[in-house]
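Bear in mind that the values in this text are calculations on the coordinates, not laboratory data. In this text the structure is predicted, and so the values were computed from the model without any measurement. Reconstructed Cβ throughout: ideal geometry from the backbone, glycine too, with neighbour counts over all protein chains shown.
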Amino acid sequence: MSIPPVALCHASNSLEQREIETSMLQRLTEQHPDCLRVDWVTTAKDLALPLVWQNAKPDAVWKVLDALHRDELIICECYARIGKLKPGHRRKLAMDAFKLVALKHFLPSESQIRWLLVVPEELSVQLQTGSWFSEALRLIEVVPVKLTDIERRKLSEATDRQAQGQARGAKTKRERNVL
């Protein structure tokens, strides 16, 4: 099944965000030739995780190849968003972080695993506010990634479309409540 072009998708669709997340993770992979991208399900089985955690696929998993860290894994969630964070965005970030923290809880304490939340540099700055939310994110590593100008423009346009789609959806709900 193919994905419809952006113009045919619902206004709140985050296709561009998913594509940019993929690009961000690809850049990280290219910047770290000592890491090999690995399959989550196989890795989760090797770690003897229950089936529910085998199915909770993170956005990326790498195995470190250098001799010093050869048993180290990097498990990552990625969030592509720019602009001021609204409550729904903070919820999504919190859910990504919670997923990583929960996985961390289910793995043996001797496991050598790094837990990353990859975000655009612009967003990383917002997450350093000194609030309880930014402090809670310290349970994992927040890794900023520089976006290209094209990615930044696409994210901005996607955000505008999503806001318009949500506004239309909210209006429809209100209209239904009136009837």
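Would segment 15-113 count as rounded, prolate or oblate if I go by the C-alpha gyration tensor, calling it rounded below 1.5 in a/c and otherwise prolate when a/b exceeds b/c, oblate otherwise?
Verdict is oblate for segment 15-113.
Among the GluC sites (Glu not before Pro) found in segment 32-123, those both in a DSSP coil and sparsely packed, with 11 or fewer other Cβ atoms within 10 Å of their Cβ, are 110. Most tightly packed first, judged by the mean number of other beta-carbon atoms within 10 Å of their residues, the peptides 151-164, 123-136, 15-28 read 15-28, 151-164, 123-136. In summary, the aspartates and glutamates within cross-link reach of residue 99, defined as a Cα separation below 16 angstrom excluding same-chain residues under 8 places away, comprise 59, 77, 141.
Shown here is the pair-distance distribution of segment 96-142: with all Cα-Cα distances grouped in 10 Å bins from zero up to the longest one, the shares run 24, 52, 21, 3 percent.
Converting phi to 3J(HN,Hα) with the Karplus coefficients 6.51, -1.76 and 1.60 and the offset θ = phi - 60°, segment 43-52 yields 4, 5, 5, 4, 7, 6, 6, x, 3, 4 Hz in sequence order, with x at every glycine or proline. Compactness ratio for segment 14-178: Cα radius of gyration over 2.2 N^0.38 Å (N = residue count) comes to 1.16. Listed here are the pairs 63/146; 63/86; 57/86; 57/84; 45/86; which of them are more than 32 Å apart at the Cα? Among 63/146; 63/86; 57/86; 57/84; 45/86, the Cα-Cα distance tops 32 Å for 63/86; 45/86.
When the trypsin sites (Lys or Arg not before Pro) in segment 58-140 are filtered for DSSP coil states and for at most 15 other beta-carbon atoms within 10 Å of their beta-carbon, the remaining sites are 70, 84.
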